[in-house]
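Take a look at the structure below.
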Amino acid sequence: MEFRILTERDAEAFHHLYREALQTYPEAFYRTPEEGVGTVEEVAAFLRERGGPDDFVLGAFDGETLVGMVGFVRNTVVKTRHRGHIWGMYVRPDRQGRGIAYRLMEALINRAKTCSGLEQITLTVVSENRPAKALYAKWGFQKYGTYPRSLRGNGRALDEDYMVLFLKSDGS
């Protein structure tokens, strides 16, 4: 298994995997399968703008096949630059249970820790997504709030939990 930052060369694979994620777990993502992720060209442009230490998409590859993904973006406003946010975690169902999501988080957190001045990483997760919440808890993420009825899809309202990982414990 190889874990690396996605580039525009990975646009087709990322486009396919993200569409699969929206169809497989529609309740876990903000976009609906109908909204999709844009064209492959739009995805290539999106990836072209990323890849630095503060904004990237990390992929898990089994050989040439992209089987997992997770994104990271750091706040750019001066007063919130100490915060980063994780988005879009997904591992193909046939590859789950093999530690891929754990290793994606490990690679992401290790890379994020190299960002000078970064003190905390946040994420949101659908409250009823117990496997994802358990993964995040293993890495030390703590729930700090719930947004009731944050998402609405398939005739259901879903709550989201807000979680944070403090990279520095002193708050300075």
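A few comments on the model shown:
- The stretch 59-74, residues that are more than 13 Å from the chain's Cα centre (by Cα) and open to solvent by 40 Å² or more (accessible area, probe 1.4 Å): Asp62, Gly63, Glu64, Thr65
- Scanning the stretch 124-156 for residues that are at pLDDT 95 or above, part of a strand (DSSP E or B) and either loosely packed, with under 14 Cβ neighbours inside 10 Å or at positive phi (or both) turns up Gln142, Tyr144, Gly145, Thr146, Tyr147, Pro148, Arg149.
- Residue in the stretch 101-108 that is surrounded by 13 or more Cβ atoms within 10 Å (Cβ to Cβ) and touching a Ser or Thr at 6+ places or on another chain (Cβ under 8 Å) present: no
- One residue stands out among those in the stretch 109-123 that are of a type in the set (Gly, Ala, Ser) and under 17 Å from Phe56 (Cα atoms): the one that is surrounded by the most Cβ atoms within 10 Å (Cβ to Cβ), which is Ala112.
- Those residues of the stretch 60-117 which are among the aromatic types (Phe, Trp, Tyr) and over 23 Å from Glu160 (Cβ atoms), in sequence order: Phe61
- Residues of the stretch 70-114 satisfying the condition of being touching a Gly at 6+ places or on another chain (Cβ under 6 Å), β-branched (Val, Ile, Thr) and not in a strand (DSSP E or B): Ile100
- Test: residue in the stretch 11-18 that is under 23 Å from Ala132 (Cβ atoms), in contact with a helix residue (DSSP H, G or I) (Cβ under 9 Å, 6 or more places away or on another chain) and in contact (Cβ under 8 Å) with a residue 60 or more places away in the chain: yes
- Set side by side, the residues Leu47, Leu58 differ, and just one is aliphatic (A, V, I, L, M) and in a helix (DSSP H, G or I), which is Leu47.
- Qualifying positions in the stretch 75-116 - of a type in the set (Ser, Thr, Tyr) and either more than 13 Å from the chain's Cα centre (by Cα) or at pLDDT below 95 (or both): Thr76, Thr80, Thr114, Ser116
- Long-range neighbours under 9 Å by Cβ, at least six apart or interchain, first residue without any contact (Cβ under 8 Å) to a residue 24 or more places away in the chain within the stretch 53-74, second among the acidic types (Asp, Glu): Asp55/Glu49; Gly63/Glu2; Gly71/Asp55; Val73/Asp54; Val73/Asp55
- Pairs where the first residue, in the stretch 122-141, is among the acidic types (Asp, Glu) and the second is assigned to a helix (DSSP H, G or I), C-beta under 9 Å, 6+ apart: Glu128/Glu27
The values are calculated or read from the model by the stated rules, or taken from the named source; none is laboratory data. Just so we're clear, the structure is a prediction, and the values are computed from it rather than from any experiment. Please note: Cβ atoms are built from the backbone with ideal geometry, for glycine as well, and neighbour counts cover all protein chains shown. What goes into the accessible areas is simple: the full protein's heavy atoms, side chains included, and nothing from ligands, DNA or RNA. Shrake-Rupley method; radii C 1.70, N 1.55, O 1.52, S 1.80 Å.
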